[in-house]
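Each reported figure results from applying straightforward, stated rules to the coordinates on display, with no laboratory input. Small disclaimer: the values here were computed from a predicted structure and weren't measured. FYI the Cβ positions are ideal-geometry reconstructions off the backbone, even for glycines, and counts take in every protein chain you see.
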Amino acid sequence: MLEKLLGKTIKYEPISLDEERKRLGAKGLPSELIESFLAIAEYQKAGGLTSLVSPDTERILGITPYSIKDFLRDYIDFF
């Protein structure tokens, strides 16, 4: 989907969780945030359900959730 919006090919290169930990640490992210990101990545890699949006999202955030396609369209300049 991102390739289509950008009009170019994107090459994905998997890296280990340890490599990602080092990469994020080098950017100055706090270790607690890094470990949270990596826990989500491990959950997704293990097949954890991440394709559904909880009905609590709107209640907690106070806004209606929107699709990844809409998110990409709205923030395309950041990619």
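Projected onto the charge dipole of segment 2-78 (+1 at Lys/Arg Cβ, -1 at Asp/Glu Cβ, origin at the Cα centre), which of Ser67, Leu2, Ile15 gives the Cα projection farthest towards the positive end?
Projecting each Cα onto the dipole axis, the largest value belongs to Leu2.
List the relative contact order of segment 2-78 as a percent without decimals, with contacts defined as Cα pairs under 8 Å and 6+ residues apart.
31
With just the Cα atoms of segment 2-78, tell me how far they stretch along each of the three principal axes, in Å, largest first.
On the principal axes, segment 2-78 reaches 34, 34, 27 Å in Cα extent.
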